[in-house]
Amino acid sequence: MAWKNRDVVSIDDFSKEDLEALFKKTDEYEHSYPSGILKGKIIGNIFLEYSTRTRVSFEVAAKRLGAEVINLVAEYSSIKKGESLYDTLKMMDIYSDLLVIRSPIEGTARFASDVCKHPVINAGDGYLNHPTQAMIDLYTIRKLKGRLDDLRIGVCGDLRYGRAAVSFMFGVAKYSNKIYAISPAQLSMREDVKNKLTEIGAYFVETNSLEEVLPELDVLYVTRIQKERFPDIAEYEKVKGSYKVDLKTLQNSKRDLIVMHPLPRVDELSYEIDNTPMQAYFKQAELGVYIRMALLSLILVGE
Amino acid sequence: MEEAEMKVAKIRNGTVIDHIPSGKALVVLRLLGLTGKVENTLTIAMNVKSKKLGIKDIIKVENLELDPSLLGSLALIAPMATINVIRDYRVYGKSKVILKDYVEGILKCPNPTCISRQQNEPIVSKFKVIQKTPLKLQCTYCYRYVNENEVIEQLVEGK
Ligand SMILES: [Zn+2]
């Protein structure tokens with residue numbers, strides 16, 4: 001499918017061919033990029049949930065290609081006190097050539113893409129989707145491992161409310177990999193997620209023991225257990241700190257294991273790993289800007 | 001009319017709802033607001049043999065024609081139901097409910113942080129029909145599943 005004017009709501013909407021086109025463009029931009037290609041374009045950032053990191057990443061991507069950025073940063077609840085989300089979207093749609101939206105409410109990006117006439121990029125909606133993070137994660141693996149299939153991939157942490165973890169699994173499930181879904185029972189995958197993985201034909205196993213599966217892994221994707229997504233704080237207290245990945249945890253790993261994390265981290269991932277060859281999370285952050293540059297360019301200019 | 005239906009006494013004016021899944025007649029009555037408070041004579045046949053359904057329930061309501069706005073909800077509980085309007089002992093009109101692939105606006109997503117649940121937004125809930133019997137739906141916005149019991153609870157709530 002053509003990239004021009006396309007909405008980016010969920011990683012499911014993209015075929016391997018679509019992703020390959022994105023990765024090729026990213027390769028090219030990593031090497032050198034056309035700094036004026038988005039001159040005259042305005043990117044509208046709508047961030048209704050705390051996230052400086054992702055917003056800045058999009059902002060840098062836009063500015064490197066010559067676009068201007070307008071930011072609407074407010075808590076979702078405070079927006080709702082004033083006007084409807086619909087009116088906010090309508091207004092930003094008038095001012096912008098492309099909208100980037102993050103929200104704590106599941107389905108916001110789908111709604112925004114229905115309402116806005118300009119393309120919409122989902123920068124995270126509630127516990128549901130985080131497609132650009134999944135694109136970054138896939139690109140990082142492709143870069144560091146030289147391939148996207150035939151890998152044993154462990155995804156560890158909050159697989160219930162963690163949108164990055166879920167989007168990542170949907171991403172790697174497009175290729176022939178074995179997925180180990182590692183979480184405490186309370187944070188295991190939702191039924192809809194498991195059904196979709198089965199539908200895609202993914203090969204996955206669920207376990208609560210990282211130790212058990214670690215020696216098999218080529219990639220370990222660690223995620224934070226996010227307090228803000230828990231419907232019940234008592235449930236959060238029970239599972240926080242379930243996993244702590246440090247050098248001791250990883251002592252039986254393959255020699256070329258890479259450890260990924262969408263960041264920010266709390267205490268699930270030790271600083272000890274930062275200066276080892278396993279560390280891939282700062283690489284993700286670095287490559288993230290290039291992926292987002294390639295995305296903006298493909299959507300606004302075309303192939 | 002099928003022979004089985006004849007087992008229930010004929011009515012002069014009213015509505016016959018046929019091909020209700022067996023055991024669902026009482027839910028349908030509640031959905032239609034036909035509780036003890038109405039004066040219409042009701043005849044209910046349960047576990048009647050049927051070619052289409054194996055066994056089925058049938059409801060006859062005298063002196064009432066259904067409000068068409070209820071047909072969408074009826075389709076969720078009795079997706080094969082047929083509705084016969086009877087006037088002067090004759091079938092005056094016959095219609096079938098239709099359970100489409102998507103259900104819009106009738107139900108509420110159980111996820112309070114779903115976009116379709118947010119107040120003052122011009123948005124209508126939308127569910128994909130994953131399975132007709134037993135009923136299973138999925139919110140097109142947040143992917144949350146809704147099962148038959150939850151649907152019944154929502155539809156007959158407060159009725
Ligand atoms: Zn929903």
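No value in this document is a laboratory result; all are computed from the given coordinates. Remember, it's a predicted structure, so these values are computed and weren't measured experimentally. All Cβ positions, glycine included, derive from the backbone under ideal geometry; neighbour counts span all protein chains shown.
Listing for the model above:
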{"quantity": "Charge dipole (the protein assembly as shown, unit charges on Cβ, about Cα centre) - positive-most of A:T26, A:G36, A:V9", "calculated": "A:V9"}
{"quantity": "Estimated 222 nm signal from helices in chain B, with DSSP H stretches of n ≥ 4 weighted -39500 (n - 2.57), rounded to 500", "calculated": "-4000 deg cm²/dmol"}
{"quantity": "Helix-derived mean residue ellipticity, 222 nm - over chain A, DSSP H n ≥ 4, -39500 (n - 2.57), to 500", "calculated": "-12000 deg cm²/dmol"}
{"quantity": "Chain A: relative contact order in percent, alpha carbon pairs under 8 Å with at least 6 residues between", "calculated": "21"}
{"quantity": "Cβ-based exposure ranking for A:I43, A:I179, A:I79, in which fewest neighbours within 10 Å come first", "calculated": "A:I79, A:I179, A:I43"}
{"quantity": "Burial ordering of A:S242, A:S209, fewest other beta-carbon atoms within 10 Å first", "calculated": "A:S209, A:S242"}
{"quantity": "Positive-end residue, region A:131-282 charge dipole about Cα centroid, Cβ charges, pick of A:Y243, A:G171, A:G157", "calculated": "A:G171"}
{"quantity": "Most mobile of A:L247, A:L65, A:L159 in a GNM of chain A (Cα contacts under 10 Å)", "calculated": "A:L247"}
{"quantity": "Normalised alpha carbon radius of gyration of region A:139-260 [divisor 2.2 N^0.38 Å]", "calculated": "1.03"}
{"quantity": "Selection from A:Y281, A:I136, A:N195 lying farthest towards where the dipole of region A:131-282 points positive, charges on Cβ", "calculated": "A:I136"}
{"quantity": "Separation of the B:E157 and A:E68 label points, Cα + 7 Å toward Cβ, nm", "calculated": "4.7"}
{"quantity": "Sequence-separation-based contact order of chain B, relative, with Cα cut under 8 Å and 6+ spacing, percent", "calculated": "22"}
{"quantity": "Proxy reagent accessibility, fewest Cβ within 10 Å first, across B:T133, A:T207, A:T88", "calculated": "B:T133, A:T207, A:T88"}
{"quantity": "Residue among A:Y271, A:Y127, A:Y243 with the largest mean-square fluctuation in a Gaussian network model of chain A, springs linking Cα atoms under 10 Å", "calculated": "A:Y271"}
{"quantity": "Relative contact order %, region A:55-161, counting alpha carbon pairs below 8 Å whose residues are six or more apart", "calculated": "17"}
{"quantity": "Whole-Å semi-axes of the ellipsoid equivalent to the protein assembly as shown (Cα gyration tensor, √5λ, descending)", "calculated": "51, 26, 19"}
